[in-house]
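Step one of this worksheet: look at the structure below.
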Amino acid sequence: MQFFRRQLIVWCALVAVVVSAAATAFACPFCSAPSLTMTEQLTQSDAAVLTKWVGGTPAKGNDAGSTTYEVVEVVHQDAGSKLAKGTKIELVRYRASKAGDLFLLLGTKGGAVLDWGSPLEVTQTAYKYMKEAPKPDVPAAERLKYFVHYLESPEQAISNDAYGEFANTAYGDIVQIKSLMPRDKLRKWIVDPQVSPSRLGLYGLMLGLCGSEEDVKLLEGRILDSSEEFRLGIDGIMGGYLLLSGEQGLNVLDEQKLLNKDAPFSETYAAMQALRFMWQYGDGHIPAARLQQSMRLLLTRPELADLVIADLARWKDWSVQPELMSMYGKEEYDIPSIKRAIVRFMLASTKDVTKSTGETAADLPEHAKLGAKYLAELEQKDPKTVSEAKRFFLIK
């Protein structure tokens, strides 16, 4: 039962990753996918106006009532609109408020009239932040120079939006502003229980980019905190830790999170995510062979084995071919997803040949020959699984 519960956690995590990737391709590696940011909403609207609440008619029976707003300032509008300061806008549905409260109205053109969305209550500070924010067509790194100052703003709407801008931005663009990152504030935020756990992945990553040797101990202490609970953002803290500590830090993760069978499953999975991050974005800071070595440690964890095997195939670590063959169908590894992963690993090994390789089998590299040999054995032993694995074979 415990095994299947852990498998469910893995697949839920994978679904989250896939959904996030589909929505925001190449975005921040350790950030949750946000909704549209304020600047995106402004840009996509045909009209945007700052208004104040004037009054309205409360709902009664089947009548939803109405609310009246008065335009304080026109942010933008299309050529056909005639909005101006003092214009009254009446919306169906009563919204209780008090005179003078500010709301942002965003409209889209629906034929000859504007279709107004739900009023967004704002303060003067939030409106100023939104109005002065760089537009989406400004280069990403330049935009972040503005938003970095509003992370953990006292106004939650502003801080959420600033975080969303980072979450939607590619890692390479985030790196470009590392000299502007508020190191001292990041150190405080990472240990502050009042900071939203969903932001810790970003803050850990940022401290890894702008920090110093002193911050290694801070991040390590956060990682080694004893906790049985699922910790949002710990993968980003691990990623930032590895950026600062390199192989020395990886030795710590090996011992405490990858080899330690008492470590919570979610912590081990987070360490696995940190390995993937360093492989994709680490720029050789930790040698590829050393990352492969750590990933191989997870082959002893059946609940992660299929994912690990797929990673090792992408990383072209063909050294584990004999080990995978010995695992095939053995006790706790006798699971369809693991067996299919092993078949696909062997398939991938046979396709990892250079263009200059000759056409005869004798000219193939050793891993390709061995992969073909093992595939033939598996086809004899378990033709159904091999057929299923080939049908959906995809290695990127």
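For region 113-126, a tally of residues being over 16 Å from THR43 (Cβ atoms), surrounded by fewer than 20 Cβ atoms within 10 Å (Cβ to Cβ) and out of contact with any Gly (no Cβ under 8 Å at 6 or more places or on another chain) returns 6.
If the condition is being of a type in the set (D, E, K, R) and part of a helix (DSSP H, G or I), then region 237-266 contributes GLU247, ASP254, GLU255, LYS257. Selection within region 274-299: residues that are crowded, with 18+ Cβ neighbours inside 10 Å and assigned to a loop (DSSP other than H, G, I, E, B). The member of this set that is modelled with the lowest pLDDT is GLY282.
May I ask you to say which residue of TYR150, TYR94 is outside the structural domain of TRP53 (by TED's automatic domain parsing) and either surrounded by 14 or more Cβ atoms within 10 Å (Cβ to Cβ) or without any contact (Cβ under 8 Å) to a residue 60 or more places away in the chain (or both)? Step through it out loud before you land on a result.
On the way: TYR94 fails: outside the structural domain of TRP53 (by TED's automatic domain parsing).
TYR150 is the lone residue from the list that is outside the structural domain of TRP53 (by TED's automatic domain parsing) and either surrounded by 14 or more Cβ atoms within 10 Å (Cβ to Cβ) or without any contact (Cβ under 8 Å) to a residue 60 or more places away in the chain (or both).
Scanning region 300-341 for residues that are surrounded by fewer than 18 Cβ atoms within 10 Å (Cβ to Cβ) and either charged (D, E, K, R) or not assigned by TED's automatic domain parsing to the domain that holds TYR374 (or both) turns up THR300, ARG314, LYS316, GLU323, LYS330, GLU331, GLU332, ASP334.
So is SER212 small (Gly, Ala, Ser) and closer than 27 Å to VAL122 by Cβ or not?
Numbers: small (Gly, Ala, Ser): yes; closer than 27 Å to VAL122 by Cβ: no.
No, not satisfied.
Against the criterion of being under 15 Å from LEU297 (Cα atoms), of a type in the set (Phe, Trp, Tyr) and in a helix (DSSP H, G or I), TYR269 qualifies. Take the residues in region 317-341 that are in contact with a helix residue (DSSP H, G or I) (Cβ under 8 Å, 6 or more places away or on another chain) and not in a helix (DSSP H, G or I), then tell me which one is farthest from LYS390 (Cα to Cα). My answer is ASP317. Just name the residue that is nearest to LYS52 (Cα to Cα) out of those in region 67-86 that are touching a residue at least 24 places away in the same chain (Cβ under 8 Å), in a loop (DSSP other than H, G, I, E, B) and of a type outside the set (Gly, Ala, Ser). The qualifying residue nearest to LYS52 (Cα to Cα) is LEU83.
Pairing each residue of region 29-42 that is modelled with pLDDT under 80 with any residue that is outside any helix (DSSP H, G or I), provided the two are 6+ apart or on different chains, yields C-beta distances under 6 Å for ALA33/THR24.
Checking each residue in region 104-156 for being in contact with a Ser or Thr (Cβ under 7 Å, 6 or more places away or on another chain) and more than 25 Å from THR169 (Cα to Cα) picks out LEU105, GLY107, THR108, LEU114, ASP115.
The criterion of at least 2 residues that are among the basic types (Lys, Arg) is met by the following helices (runs of 4 or more DSSP H) wholly inside region 104-196: 124-132, 140-147, 183-191.
The values are calculated or read from the model by the stated rules, or taken from the named source; none is laboratory data. This is a predicted model, so every value here is computed, not measured. Backbone-built Cβ (ideal geometry, glycine too); neighbour counts: all protein chains shown.
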